[in-house]
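One structure is given here, and the rest of the page talks about it.
The values are calculated or read from the model by the stated rules, or taken from the named source; none is laboratory data. Values in this document were obtained by computation on a predicted structure and should not be read as measured data. FYI the Cβ positions are ideal-geometry reconstructions off the backbone, even for glycines, and counts take in every protein chain you see.
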Amino acid sequence: MAKRHDHEGIPEMNARPNIVLIHGAWADGSCWSGVIQRLQADGYHVTAPQFPLTALADDVARLRQVLDLQDGPAIVAGHSYGGQVMTALGADAPNVAGLVYIAAFGLDQGESLGGLLSQGPVTPALAHLFTDKQGFGWLSEDDFVNHFAADVDPVRARVMYAVQQPLATSAFGDVMGVPAWKTLPSWYLVAADDEAIPPAAERQFAARMGATTIEIPSSHVPMVSNPGDVAHLIETAAEAVLERLTHSRHDKSVNL
């Protein structure tokens, strides 16, 4: 969050919260490139680090590491498994001001990814998921290009496939504690053409967390195929949080 000085020369916080972006499984931070460019052009400070995907606890630790570097309130946006990471912050997220779920998992207490995914047929994007000797899951090229990133230019989709980071399959068994969305305002983008997470499940996640929700015709990777819509939702969240913080500061000054 940038700083400015008021008329008395006292530093005060700029109106814009920081933005932290969490990539999901079989992806990396570069998947947010189109969104980052738009947010930066509009004056936001953005961080989109790489997450190890070695265990949920490791990914949450990386998120906390990045949040500690922020100099003010932050909006955290997560895609797919990235939603699991930010949800697992629980109630201990002192500088997080809002959560934005982009076709992301939004589990409740006691739920697991594996338990959720086992409730229905395997989605096309995960149909040929295979696990290596070290216990990490990978997507096949055909499933990635034709289902995971179905509305992305195939040339670009194959590059995304080449740089995919595998997910430790242990993550499917991790049971969610108290979810962060219980205490933080949330926004949700439903990808209506998602072939990785069923759109009906995304709508359910959004509804039970009381999220401000939009739905667009998109594959599982809207931050790549529809970066303008994703950036707009994140900025909508940032503006709403800013308004709330501004009113809170005003109320405190009035009561002094």
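Annotations for the structure displayed:
- Within the stretch 28-60, the set of residues being exposed (fewer than 14 other Cβ atoms within 10 Å of the Cβ) and over 16 Å from Pro227 (Cα atoms) comprises Gly43, Gln50, Pro52, Ala57.
- Those residues of the stretch 173-186 which are crowded, with 18+ Cβ neighbours inside 10 Å and assigned to a helix (DSSP H, G or I), in sequence order: Ala180, Trp181
- Single residue of Asp92, Asp153, Asp68, Asp108 found to be modelled with pLDDT under 95 and acidic (Asp, Glu): Asp92
- Total residues in the stretch 193-224 satisfying the condition of being among the β-branched types (Val, Ile, Thr), under 23 Å from Val122 (Cα atoms) and surrounded by fewer than 21 Cβ atoms within 10 Å (Cβ to Cβ): the figure is 1.
Residue-wise test of (1) among the hydrophobic types (A, V, I, L, M, F, W, C); (2) within 20 Å of Asp153 (Cβ to Cβ); (3) at pLDDT 95 or above.
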residue: Asn14; (1), (2), (3): no, no, no
residue: Pro17; (1), (2), (3): no, no, yes
residue: Val20; (1), (2), (3): yes, no, yes
residue: Ala27; (1), (2), (3): yes, yes, yes
residue: Leu39; (1), (2), (3): yes, no, yes
residue: His45; (1), (2), (3): no, no, yes
residue: Pro52; (1), (2), (3): no, no, yes
